[in-house]
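Below: one structure, written as structure tokens.
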Amino acid sequence: MAAVLAGSAKFTFWGRSLTFARRVTVHRHYGPPCVVSAQRNSSSSSKMTVDLDSGTGIAVIRFHSPPVNSLSLDFLTEFASNMEKLELDKGCRGVVLTSALPKIFSAGLDITEMYGKSPEHCREFWKAVQEMWLKLYGSSMVTMAAINGSSPAGGCLMALSCDYRIMADNPRYSIGLNETQLGIVAPFWFKETMVNTVGHRVTELSLQLGLMYIAPDALKSGLVDQLVAEEMVVTTAMETLAKWFAVPDHARQITKSMMRKPTVDKLLSSREVDINNFVTFITKDSIQKSLKMYMESLRKKKA
Amino acid sequence: MAAVLAGSAKFTFWGRSLTFARRVTVHRHYGPPCVVSAQRNSSSSSKMTVDLDSGTGIAVIRFHSPPVNSLSLDFLTEFASNMEKLELDKGCRGVVLTSALPKIFSAGLDITEMYGKSPEHCREFWKAVQEMWLKLYGSSMVTMAAINGSSPAGGCLMALSCDYRIMADNPRYSIGLNETQLGIVAPFWFKETMVNTVGHRVTELSLQLGLMYIAPDALKSGLVDQLVAEEMVVTTAMETLAKWFAVPDHARQITKSMMRKPTVDKLLSSREVDINNFVTFITKDSIQKSLKMYMESLRKKKA
Amino acid sequence: MAAVLAGSAKFTFWGRSLTFARRVTVHRHYGPPCVVSAQRNSSSSSKMTVDLDSGTGIAVIRFHSPPVNSLSLDFLTEFASNMEKLELDKGCRGVVLTSALPKIFSAGLDITEMYGKSPEHCREFWKAVQEMWLKLYGSSMVTMAAINGSSPAGGCLMALSCDYRIMADNPRYSIGLNETQLGIVAPFWFKETMVNTVGHRVTELSLQLGLMYIAPDALKSGLVDQLVAEEMVVTTAMETLAKWFAVPDHARQITKSMMRKPTVDKLLSSREVDINNFVTFITKDSIQKSLKMYMESLRKKKA
């Protein structure tokens, strides 16, 4: 059935149009068939590699921004750009997010983008954080998090924004929205993404305490869907995608939009307010002191 | 206490009136005391039997529309009519829904009502689907699903719309909203009914993939409340009703309305839009092709 | 980090101000440093004792209103007053609620305040019930329920309104919103408090049937977070508070407000309507009869 319907590129149903409908008419070529962007070689500043297998329709995005895949402005911008390209590519039906670095999926938002920076920079940074989430949570493709390392704060958000989460069965890896531990606060759309995954109560407890869950507990609480041996995380994600591809794309996409559009729309209708709130909060003296202390504690930890 | 309060027929509380308050003043006789409608005998076109025991206050509706209790226009119309009669009958406090056919509770919406039909017919059909759900999800009676067979799509919706679900402990029977597998999409009120039962995450996963749950998994995921031996399904439903009847009707009804009215009101305030969306979608060439393919696959399966 | 930020008394973030921000400028002394109110000794009419340890920042409120800590108008007024004082006290960061009576946490709303009373009295009483909940559910302090006995109806609401619930591991103690069993109905904000804790389905089932959960089942359903030996309930609550205090107050408070403010705001915007609904309902002849029968059944039970 999927084959029969593959020609249908855009649907609206139940009064909902797809959040990010594929505009196939605007399809652009941006690389050889099997490697979307050969950025690994072409650009030393690239934060990730993107490999699209046009045979399977699966793109694998591997984060490669040492030491811990922090979500810097450059990282976020490159990620959003890649997602947009894949979204427009008829040959891509699903995306796997994973890390090319050992032990870490992503350490979350890059604190150096928020510490000692101008309000203008903070504004631009936060807009990029929003953009990353909008592109990922609202994607019409099937998105898989292959979590092969720890994934705090913004890293956890990226995982939660996928359709399915497979984590390395390693109790040394943990995941969670631990913002309060740093003296900062997850915004409402981080919160709603978590509530949509694990419910109100687990979210309330986790966000207040800034809880990190080790892999087995993450599975129990519903933060992740499946644990597999570390070397099997990406393979399992690709096998799982194959099962999702058995569902007709158009019906799955409309359904995904029905589930996620209300949450996406909340941010879309309040982006400016959300940015202003962030900039006002993060530029406070007390919060800047918090961030400084946190970075110093990280530095001592390393030494 | 129930006895004392039995005279109180209608309550409003907390600014909410009962969704389908019993209008006892409009009480009509529509059959002998113990058999609401003797349709089994009186009409060869009847799709179900309704047996009301005025001693216990329990009505059992047995679906009998071979081969698989498909929800045709006739079935839905007869069901809504029966629910309306029982709602108005002071002697009826609870309803058990079950199947008189082996292995199947209900196969869901009748595809032949949606394939090759005029927009006018599709419109009438969808209105009847809405009406079935409004009568069932909004019923002030205690409603029990005695699921003695498989229950995909619309059949699952009927079960989810009851107050309690007892399923035959048989792993060959499965239940779920599997619309996407057919290339179609569950509308928002199917979705909300499922979210209210199993939460947002299980719903998102189940609806995107069109998952069917075998009985033991349906229990684990919360799609059903209890598994019992197949021959005990209806008996257990009746015994369970007796426990529910121990709660004063008026307090239980107000509480049920408080839980369900917001969801019911969403459809009531958008019925026309919902019908238009359905008709536009289902009459698309690509969707008609999907339905044709699905029916052909069913035909081959049989042969 | 908490120490660094302790000076920051009020924050707004993400467009949300704290529900009950501490107005530290209005700080008043209302007792010696280690005992907030020496009400245990100073007033024979006092319904509870409040002990604040300024070293730990923990206040313990012990209900002492024999025989069953019913939530009378006096009890509710005193409780709200104590919460308000603690909220304003910079030295207090967390509160433990527990009972000084054996076998009972609180029996819930005092029926004698609702039976045979004037509409004016019912109105005043209900306002006090609202006030108790607003102060507790919206508190910026960390609130712990140390449930050392049974906790039906309004007693359960108090526990559900805390941040964390520790119950005595004793199957003779039970907890639940069992209003329907008495022929009355939990209002929407009781319902929402429960939905926020255990989800929509468990709430729908529990409220319709007026279910009481014995301690082990309360843990399974998520009504409470932890079971410990009866003599350890308060100690464990205080140890748990110490862990919560490790999170910077300002970040935790903003996060708590983000989770709870929508529910608090619903009541704040409809207090008068909610009071009118209660008074209209509770003064009905049929409901007064229900209450009378219930009180008589309690009297017989004792005798």
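Worth pointing out:
- Taking first residues from region C:271-282 that are modelled with pLDDT of 95 or more and partners that are open to solvent by 30 Å² or more (accessible area, probe 1.4 Å) and in a helix (DSSP H, G or I), the Cβ contacts under 7 Å between residues at least 6 apart in sequence or on separate chains come to C:Ile275/C:Arg123; C:Ile275/C:Lys127; C:Val279/C:Pro119; C:Val279/C:Arg123.
- The set of residues from region B:241-256 being within 12 Å of chain C (Cβ to nearest Cβ) and open to solvent by 10 Å² or more (accessible area, probe 1.4 Å) comprises B:Lys243, B:Phe245, B:Ala246, B:Asp249, B:Gln253.
- Filtering region A:204-240 to residues that are at the interface with another protein chain (Cβ under 7 Å from one of its Cβ atoms) and closer than 22 Å to A:Leu182 by Cα leaves A:Glu204, A:Leu207, A:Gln208, A:Leu209, A:Gly210.
So that you can scan it fast, the table gives a plain yes or no per residue for (1) of a type in the set (D, E, K, R); (2) touching a Cys at 6+ places or on another chain (Cβ under 8 Å):
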position: A:Gly57; (1), (2): no, yes
position: A:Val60; (1), (2): no, no
position: A:Phe63; (1), (2): no, no
position: A:Pro67; (1), (2): no, no
position: A:Phe79; (1), (2): no, no
position: A:Met83; (1), (2): no, no
position: A:Lys103; (1), (2): yes, no
position: A:Leu134; (1), (2): no, no
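- Qualifying residue in region A:102-110 (condition: aromatic (Phe, Trp, Tyr) and crowded, with 19+ Cβ neighbours inside 10 Å): yes
- Qualifying residue in region C:25-40 (condition: at pLDDT 95 or above, open to solvent by less than 50 Å² (accessible area, probe 1.4 Å) and not in a helix (DSSP H, G or I)): no
- Unmet criterion (only one of (1) over 13 Å from the mean Cα position of the chain (by Cα); (2) of a type outside the set (Phe, Trp, Tyr); (3) surrounded by 24 or more Cβ atoms within 10 Å (Cβ to Cβ)) for A:Ile147: (1)
- Top-ranked residue of region C:171-201 - restricted to ones that are of a type in the set (A, V, I, L, M) and under 22 Å from C:Tyr115 (Cα atoms), ranked as farthest from the other protein chains (Cβ to nearest Cβ): C:Leu177
- Residues that are outside any helix (DSSP H, G or I) and either of a type outside the set (D, E, K, R) or open to solvent by less than 50 Å² (accessible area, probe 1.4 Å) (or both) within region A:111-127 comprise A:Met114, A:Tyr115, A:Gly116, A:Ser118, listed in sequence order.
- Those residues of region A:182-193 which are touching a Pro at 6+ places or on another chain (Cβ under 8 Å) and either surrounded by fewer than 21 Cβ atoms within 10 Å (Cβ to Cβ) or of a type in the set (Lys, Arg) (or both), in sequence order: none
- C:Glu272 vs. criteria over 28 Å from A:Phe188 (Cβ atoms), among the acidic types (Asp, Glu), within 14 Å of chain B (Cβ to nearest Cβ) and more than 20 Å from the chain's Cα centre (by Cα): yes
- Subset of region A:158-181 that is open to solvent by 10 Å² or more (accessible area, probe 1.4 Å) and in a strand (DSSP E or B) - its residue that is nearest to C:Lys256 (Cα to Cα): A:Ser174
The values are calculated or read from the model by the stated rules, or taken from the named source; none is laboratory data. Since we're looking at a predicted model, the values are computed, not measured. Virtual Cβ from ideal backbone geometry, glycine too; neighbours counted across all protein chains shown. Only protein heavy atoms, including side chains, enter the accessible area calculation; ligands, DNA and RNA are left aside. Shrake-Rupley method; radii C 1.70, N 1.55, O 1.52, S 1.80 Å.
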